[in-house]
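Derivation of every value follows stated rules applied to the coordinates shown; laboratory data play no part. None of these values were measured; they are calculated from a predicted model. When we count neighbours, we look across all protein chains shown, and the Cβ atoms used for this are built from the backbone with ideal geometry, even at glycine.
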Amino acid sequence: MHAGELGVRRANVEEGLQVMLRAGLVDMRAPSDGIRYQAGDEAYSFVSGLASSYIAELRNRTRWVVEQFGTLSEEQIRQQTTAIFGSRPADGGTTGRAREAGTWNG
């Protein structure tokens, strides 16, 4: 591992800790022997949510999206999105659902 990689990783760890501190997931303690991090007040709720049925369903839906759209280019995804939802009103297109009309290619 190069020194530059260590610097980037350290910055990422510090940034992650700051996010978790702000969210109440982690508490920082500074006893005489150094800095310690421990679970914060919100940690239990957060971890419990990771195991919930909602999260399991979210994982399933995420997997489906990757399977359906993961190999498409950005332009192909735009075309599919337009086919499903129609054009934005600002574009002067329809707001109907092409999927319901049977013109969706997904």
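Annotations for the structure displayed:
- Each Cα pair under 8 Å and six or more residues apart adds its separation to the average, and for region 1-41 the resulting relative contact order is 27 percent.
- When restricted to Cα atoms, region 1-41 yields an Rg and a Dmax of 12.4, 37 Å, respectively.
- Modelled label positions at residue 69 and residue 12, each set 7 Å beyond Cα in the direction of Cβ, lie 2.5 nm from each other.
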